[in-house]
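What follows is calculated from the coordinates using simple rules that are stated; it is not laboratory data. Because the structure is a prediction, the values reported are computed rather than measured. In this analysis, Cβ positions are derived from the backbone assuming ideal geometry, glycine residues included, and neighbour counts consider all displayed protein chains.
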């Protein structure tokens, strides 16, 4: 199984650990148009592999955008959720299918305001770097 | 009782600094040029060219001896890179920048004589 699948699985489970009403609203980006705001999305922005010879497993470095998206002109609620996201992910480790997450650190905060047809959406979160090791099933 | 003093003086830091700055400045400028080129290639490869306005909105600029920026003056650039509620993402900046991390580090080391 692809490492990105295992990482997505780990991100979904970890972010769903948020019990502040948003934990049941976690999506791989993009969320369905019918999704209720605020919600959390994550997506792979870039990735690279470090291959090794022999039995040493391959390492993958992925850059993920993890954010809360909320409707409205205020960033306040989205910022609260962004803090929860950071609490769950910063320096977290874990496992997903065929992958071990060795580390997750925030590279930079993320903020974007989207305006469309007179409506605004706030995107607040962070760019996270995830280091993972492939652990293929034996 | 006599005392022998040996004083070792190395006062070439200024020259070294100037040489390194000059070489590293070139590396940074080249990296900025390469980054701009990679971003534009990715924009084309992902079929994001309609009028060409976004493609041609990318610029590189030297902003200091050891600093350069690569930027687009189109405010919808982040929408394309990260996606919106109504539009999926098409990353073209992050992969380009991360792809140059290794070559930049190698070129910087070579520039200061630490290959």
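What is the percent of Cα-Cα separations in segment A:3-134 that go past 22 Å? Here the tail beyond 22 Å accounts for 35 percent of pairs. Each label point was placed 7 Å from the Cα along the Cα-to-Cβ direction; for residue B:63 and residue A:1 their separation is 4.2 nm. Taking Cα centroids, how far is segment A:83-124 from segment B:7-83 in Å? If you average the Cα positions of each part, the centres end up 26 Å apart.
Calculated [222 nm] ellipticity per residue, helices only, for chain B: -15500 deg cm²/dmol; basis is -39500 (n - 2.57) per DSSP H run with n ≥ 4, divided by all residues, nearest 500. The angle between the Cα long axis of helix B:101-111 and the longest principal axis of the Cα atoms of chain B comes to about 30 degrees, rounded to the nearest 10. To the nearest ten degrees, helix A:3-15 and the longest principal axis of the Cα atoms of chain A are 50 degrees apart. For chain A, the longest principal axis of the C-alpha atoms and the axis of helix A:76-89 are separated by about 10°. Using a Gaussian network model of chain B in which every pair of alpha carbons under 10 angstrom is joined by a spring, one finds that among B:49, B:85, B:93 the greatest mean-square fluctuation is at B:85.
Across the protein assembly as shown, the convex hull enclosing all Cα atoms gives 233 Å³ per residue. Beta bridges assigned by DSSP with both partners in segment A:3-134 are antiparallel in approximately 95 percent of cases. Where both bridge residues fall in the protein assembly as shown, DSSP classifies roughly 95% of the beta bridges as antiparallel. Taking all Cα pairs closer than 8 Å and separated by 6 or more residues, the relative contact order of chain A comes to 27 percent.
With a simple spin-label model that places each label point 7 Å from the Cα along the Cα-to-Cβ direction, the separation between residue A:90 and residue B:49 comes to 4.3 nm. In chain A, the DSSP-assigned H stretches of four residues or longer account for a calculated mean residue ellipticity at 222 nm of -6500 deg cm²/dmol, using -39500 (n - 2.57) per stretch and the full residue count as denominator.
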